[in-house]
Amino acid sequence: MTTYDPNNIFAKIIRGEMPCTKVHEDDVAFAFMDIMPRADGHVLVIPKAAARNILDIAPADLAALMPSVQKVAKAVKAGMKADGITLQQFSEPAGGQVVFHIHFHVLPRWDGIALRPHTGAMEKPEILEAHAAKIRAALADVR
Ligand code: 5GP
């Protein structure tokens, strides 16, 4: 299936039907902690608009989302005291996509420290919340 499924897990998170550790929400964007972070402070930024991935999102919806991706990237770098940011977006299973609501991974990076491998292990909610609190605080200062 390559159509959008409105019951995917991220659509449920936007609708409040599934929990998440939220860091940002506005009219077009929603950002929350990745439950299996590949780095401390790993955030996912998604549009509220329905789209499966980079291949089907309406250009206007993508354009409306990107300022939030940039804003969250700045806040993740500042809040997590990182040296840099890795931005990732996977499309379709062959591209590494697992959840089929378009999302951008915002990964804080520190000099000389590799990303953790995907282990399938979920982070403790209190750890996710501690990282989210730092990122939310930094968001307040992002211009
Ligand atoms: P992708 O589709 O780009 O490969 O990655 C999906 C990402 O979503 C993974 O990094 C995974 O850890 C994360 N993820 C999957 N299910 C959930 C969930 O229910 N809640 C949250 N917060 N993250 C999830």
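The values are calculated or read from the model by the stated rules, or taken from the named source; none is laboratory data. No experiment lies behind these values; they were computed from the predicted model shown. Here the Cβ positions follow ideal geometry from the backbone for every residue, glycine too, while neighbour counts run over all protein chains shown. Accessible surface is based on the protein model in full, side chains and every heavy atom, while ligands, DNA and RNA are left aside. Shrake-Rupley method; radii C 1.70, N 1.55, O 1.52, S 1.80 Å.
Listing for the model above:
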{"quantity": "Nonlocal amide H pairs with Ala51, under 5 Å, H built at 1.01 Å", "calculated": "Ile102"}
{"quantity": "Qualifying lysines (Cα of each under 28 Å from Cα of Lys48; at least 8 residues distant if same chain)", "calculated": "Lys12, Lys22, Lys71, Lys74, Lys77, Lys124, Lys134"}
{"quantity": "Relative packing of 30-36, 72-78, 136-142, which averages over residues the other C-beta atoms within 10 Å, highest first", "calculated": "72-78, 30-36, 136-142"}
{"quantity": "Tilt relative to the chain, helix 125-139 - C-alpha long axis, 0 to 90 degrees, to 10", "calculated": "90"}
{"quantity": "Cα-based helix-to-principal-axis angle, 59-79 vs the chain, degrees rounded to 10", "calculated": "20"}
{"quantity": "Computed over segment 1-71, Cα set: Rg, Dmax in Å", "calculated": "12.2, 33"}
{"quantity": "Portion, in percent, of the accessible area of segment 9-139 that falls on carbon or sulfur, probe 1.4 Å", "calculated": "60"}
{"quantity": "Kirkwood hydrodynamic radius (C-alpha pairs) into Stokes-Einstein, the chain, 25 °C and 0.890 mPa s, D in µm²/s", "calculated": "160"}
{"quantity": "Surface accessible to a 1.4 Å probe, per residue, for the residues of segment 25-131, Å²", "calculated": "49"}
{"quantity": "Ranked packing of 111-121, 86-96, 52-62, most packed first, by mean Cβ within 10 Å", "calculated": "52-62, 86-96, 111-121"}
{"quantity": "Over 11 Å [Cα-Cα, segment 90-130], rounded percent", "calculated": "77"}
{"quantity": "Radius of gyration, Dmax [segment 62-117; alpha carbons; angstrom]", "calculated": "12.6, 34"}
